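Colleague: If you scroll down you'll find the structure; I have some questions about it.
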Amino acid sequence: MWTYEHSAEAAAPPQAIWSCYQDVASWPDWNVAVSNVELDGPFGAGTTGRLTPPGAGPLPFTIVEATENSGYVSETEIAETVTLRSTNRLTPLPDGRTRIDLRVDLVGPAAEHFGKSFGPQVKAGVPKTVETLARRAEELAGRQ
């Protein structure tokens, strides 16, 4: 398994960040690893769809777990031998802010290989994604 984590704080409540998660059409605006996401149902556990990275074809995407205003876990099949698991957690802070935690795991027999080959891109993109998500949620909440 290969893992990378990043956290950021947003001057917005969890509900504002959750609304960004639910609006998959907005993901390309804040997630550098996504050019398009299509779901076959509502944003919730068990919903499947397709996630398209920039410059690549669509990949099977499943929301494995989803708890409103708390976070979600998704899995994207990169290849038959590796899956990207994204764990997104929201923690409300006492001052009305929210801590956003994003953990990316590559799992499967080829996880280490994929981690070496495109792990540096993940490590470069995850902080930007989390920080951009925080700013977008602040805009939605009317805070900055």
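The values are calculated or read from the model by the stated rules, or taken from the named source; none is laboratory data. Please read all numbers here as calculations on a predicted model, not as lab measurements. Cβ placement follows ideal geometry from the backbone for every residue including glycine, while neighbour counts extend to all protein chains displayed. Side chains are part of the model used for accessible areas, which takes the heavy atoms of the whole protein and leaves out ligands, DNA and RNA. Shrake-Rupley method; radii C 1.70, N 1.55, O 1.52, S 1.80 Å.
Rundown of residues vs (1) touching a Phe, Trp or Tyr at 6+ places or on another chain (Cβ under 7 Å); (2) among the small types (Gly, Ala, Ser); (3) open to solvent by less than 40 Å² (accessible area, probe 1.4 Å), yes/no style:
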{"site": "6", "(1), (2), (3)": "no, no, no"}
{"site": "12", "(1), (2), (3)": "no, yes, yes"}
{"site": "25", "(1), (2), (3)": "no, yes, no"}
{"site": "29", "(1), (2), (3)": "no, no, no"}
{"site": "33", "(1), (2), (3)": "no, yes, no"}
{"site": "65", "(1), (2), (3)": "yes, no, no"}
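Colleague: Do we find that residue 78 is open to solvent by less than 10 Å² (accessible area, probe 1.4 Å) and touching a helix residue (DSSP H, G or I) at 6+ places or on another chain (Cβ under 8 Å) in this structure? I'd like the intermediate steps shown before the answer.
Modeller: Working: open to solvent by less than 10 Å² (accessible area, probe 1.4 Å): no; touching a helix residue (DSSP H, G or I) at 6+ places or on another chain (Cβ under 8 Å): yes.
So residue 78 fails the test.
Colleague: A further question on this structure: Can you tell me which residue among 103, 97 is closer than 16 Å to residue 33 by Cα, open to solvent by 30 Å² or more (accessible area, probe 1.4 Å), touching a strand residue (DSSP E or B) at 6+ places or on another chain (Cβ under 7 Å) and in contact (Cβ under 8 Å) with a residue 24 or more places away in the chain? Talk me through it step by step, then tell me what you get.
Modeller: Details: 97 fails: closer than 16 Å to residue 33 by Cα.
None of the others qualify; the one that does is 103.
Colleague: Based on what the data block shows, is residue 133 assigned to a helix (DSSP H, G or I), open to solvent by less than 40 Å² (accessible area, probe 1.4 Å) and in contact with a helix residue (DSSP H, G or I) (Cβ under 9 Å, 6 or more places away or on another chain)? Steps first, please.
Modeller: Details: assigned to a helix (DSSP H, G or I): yes; open to solvent by less than 40 Å² (accessible area, probe 1.4 Å): yes; in contact with a helix residue (DSSP H, G or I) (Cβ under 9 Å, 6 or more places away or on another chain): yes.
In short, yes.
Colleague: Condition first: touching a Ser or Thr at 6+ places or on another chain (Cβ under 7 Å) and either of a type in the set (D, E, K, R) or within 20 Å of residue 10 (Cα to Cα) (or both). Can you find one or more residues in the stretch 52-65 that meet it?
Modeller: No; the residues of the stretch 52-65 include none that is touching a Ser or Thr at 6+ places or on another chain (Cβ under 7 Å) and either of a type in the set (D, E, K, R) or within 20 Å of residue 10 (Cα to Cα) (or both).
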